[in-house]
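Note sheet for the following structure.
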Amino acid sequence: MKCPVCQSKTHIDIDTHADGFAPNLLECGDCGALWTDKANRSVLIHGSDPVIKQ
């Protein structure tokens, strides 16, 4: 799995906070982005716009 914002493949963790748990919520330890996967697509919750490579 890679971050949809910075494209990093390291430091990707399941996001677990004391205020609750959301299944499939992932967090990038490098840039801080939060996202979930829905229907094989990344849905960005927090972070800048994803990097689009052409």
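The values are calculated or read from the model by the stated rules, or taken from the named source; none is laboratory data. Model, not experiment: these values are computed from the prediction. Side chains are part of the model used for accessible areas, which takes the heavy atoms of the whole protein and leaves out ligands, DNA and RNA. Shrake-Rupley method; radii C 1.70, N 1.55, O 1.52, S 1.80 Å.
Just subtract the alpha-carbon distance of Ile12 and Val43 from 0.36 nm times their residue separation and send over the number in nm, one decimal.
Gain on extension, Ile12 to Val43, equals 9.7 nm.
So how exposed is Leu26, as accessible area in Å² (1.4 Å probe, rounded to 10)?
Surface open to solvent at Leu26 totals about 20 Å².
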